[in-house]
Amino acid sequence: MTHLAIASTVIGGVTIAGRLPGVFAPDQFSDFARKFPRSVIWGRVLAAIAALWAAIIMYNAAVDDFAWLKPIVVIGMPIAYWLVIQFADQFLAIRAQAALLLLVAKVVLNAADLSDQPSRLVITVLAYLWVCAAIWMASAPHQVRDVIGFITAKRGRCRISSLVGVVFGVVLVVLGLCVY
């Protein structure tokens, strides 16, 4: 399996797993989705994952002339995480999710760069859409909350939007297993 096949399959599987509850239990899914933007627990957990992931990337990027930065990364990232959860806790879950979208987009684009198949553009366009979505989520999290409220306002609307996500996840899994 190529890196692109693995990335597509994993992302498709995660998308399916994240959307299936909305298909089978839309009321519970709607309740969770409406509470998510202001969730302190999810915000801290997702921010910690994003901070750790970013620290690993920066630590491994500091080579040769910038090797002196490694201790600063090791000390600075926990401090930055603490400052964020202390002073920027409004909509932290949405903003942390935006940071994770950017990090996942980096992995997907790196995998797509290693492939020379024309169908890699499907996953490349998806990654760039994630970058745009992450910018929107970080800069206007209240609008994201409003969109979540609109999608989850009615049981049928929640179920249909979740079903669309499941179908998209299945397409990504099929691309990963059969095409890439």
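FYI, it's all coordinate maths here, none of it is from the lab. Here the structure is a predicted model, which means the values were calculated and not measured. Here the Cβ is made from the backbone with ideal geometry for all residues, glycine too, and neighbour counts use every protein chain on show.
At-a-glance table
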read-out: Kyte-Doolittle mean at least 0.0 and Cα axial length at least 24 Å: DSSP H helices in the chain; value: 3-24, 40-61, 70-87, 92-113, 120-139, 155-174
read-out: Mean residue ellipticity (222 nm) of the chain, computed from DSSP H runs ≥ 4 via -39,500 (n - 2.57), nearest 500; value: -27500 deg cm²/dmol
read-out: Dipole magnitude of the chain about its Cα centre (Cβ charges: Lys, Arg +1; Asp, Glu -1), debye to nearest 20; value: 740 debye
read-out: Per-residue Cβ neighbour rank within 10 angstrom, fewest leading, C178, C158, C132; value: C178, C132, C158
read-out: Top positive-direction residue, dipole computed over the stretch 27-76 with Cβ charges, set S30, A47, F66; value: S30
read-out: Total formal charge among the other residues, if their Cβ is under 14 angstrom from that of V166, Lys/Arg +1 and Asp/Glu -1; value: +2
read-out: Computed label-point distance, nm, for sites R34 and L20 using a 7 Å Cα→Cβ extension; value: 2.6 nm
read-out: Computed E for A80/D146 - FRET, C-beta separation, R0 25 angstrom, nearest 0.05; value: 0.30
read-out: C178 paired with V131, simple spin-label distance in nm, labels 7 Å along Cα-to-beta-carbon; value: 3.0 nm
